[in-house]
Amino acid sequence: MHLQRALTPNSKADFLVELVQTVSGLLLVGFLWTHMIFVAAILLGIEAFNKLALLMEQFRLLDLAVVFIILTVAAHVGAVLRRIPSRWQEQKVVWNHAKIIKHQDTWSWLFQAVTGSAMLLLIIIHVFAVVYAGIDAKLSADRVHSWMLWFYIILLFFAEYHASVGLYRTFVKWGFVKRHSLKRVLSVVTVFTIGLGLVSLWVFYSLGGSV
């Protein structure tokens, strides 16, 4: 009874909340991968990265991106909070249940909740740094060449893990694909995007102080 109460919401608007969580989650994953492609432009050279940054500034795409991320993250967090047990007693039941059954999907959901909470703070810091300082190769290289290198590494791993688990749960929940096939595809995508992010960070780090 306690477990069912902890995991099952009793709201008539459950479907709407589920829909908001799904749509906002998919939008955020799309934004994450688009952002990764933009960051990876540094692999084409400093000039290519700066031209892309200038294009974003001219068409105010950065402003639109900031508004988009704020609204979408707010909608996603609001929907998720409706689904996560709010009382300590219920959270304890969920953790105890995960320890007992030792099911991979249950633990991945719990770690997704943990990474999501951490990412909320990390995203706020990242957005503030970008809006306050601006975007170009030199500014990005200086940030990566400082303590923020570890900040971005942690954000990269958390974001890609959260996105991968979120996509897995979404597609399985709505019955789009088979579990095992989806896991293999998402594992490849996650390894690729993390690798692309790490290489881009390495390039920015190597440019620190020389741009």
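The values are calculated or read from the model by the stated rules, or taken from the named source; none is laboratory data. The shown structure was predicted, so the numbers you read here are calculated from the model rather than taken from an experiment. Don't worry about glycine lacking a Cβ; one is built from the backbone with ideal geometry, like all the others, and counts go over all protein chains shown.
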In region 165-211, anything part of a loop (DSSP other than H, G, I, E, B) and either small (G, A, S) or in contact with a strand residue (DSSP E or B) (Cβ under 8 Å, 6 or more places away or on another chain) (or both) is listed as G175, G208, G209, S210
Among what's in region 144-172 and is touching a residue at least 60 places away in the same chain (Cβ under 8 Å) and touching a Gly at 6+ places or on another chain (Cβ under 7 Å), pick the residue that is farthest from A118 (Cα to Cα).
-> H145
Residue pairs within 6 Å by beta carbon, gap of at least six or interchain, first lying in region 64-91 and assigned to a helix (DSSP H, G or I), second among the hydrophobic types (A, V, I, L, M, F, W, C) and at pLDDT 95 or above, listed first then second, are T72/L27; T72/L28
Could you list, in sequence order, all residues of region 173-201 that are surrounded by 13 or more Cβ atoms within 10 Å (Cβ to Cβ), free of Cβ contacts under 8 Å to residues at least 40 places away in the same chain and of a type outside the set (K, R)?
-> V177, L182, V185, L186, V189, T190, I194
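Q104 - would you say it is in contact with a His (Cβ under 8 Å, 6 or more places away or on another chain) and at pLDDT below 90?
Working: in contact with a His (Cβ under 8 Å, 6 or more places away or on another chain): no; at pLDDT below 90: yes.
Against the criterion (in contact with a His (Cβ under 8 Å, 6 or more places away or on another chain) and at pLDDT below 90), Q104 does not qualify.
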Close pairs from region 27-49: first within 15 Å of G197 (Cα to Cα) and in contact (Cβ under 8 Å) with a residue 12 or more places away in the chain, partner acidic (D, E) and surrounded by 15 or more Cβ atoms within 10 Å (Cβ to Cβ), Cβ under 9 Å, at least 6 apart | L32/E160; M36/E160; F49/D136
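Would you confirm, using the coordinates I've provided, whether L54 is surrounded by fewer than 17 Cβ atoms within 10 Å (Cβ to Cβ) and modelled with pLDDT of 95 or more?
Working: surrounded by fewer than 17 Cβ atoms within 10 Å (Cβ to Cβ): yes; modelled with pLDDT of 95 or more: no.
When the stated conditions are applied, L54 does not pass them.
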Filter result for V114 (at pLDDT 90 or above, β-branched (V, I, T) and either in a helix (DSSP H, G or I) or surrounded by 13 or more Cβ atoms within 10 Å (Cβ to Cβ) (or both)) | no
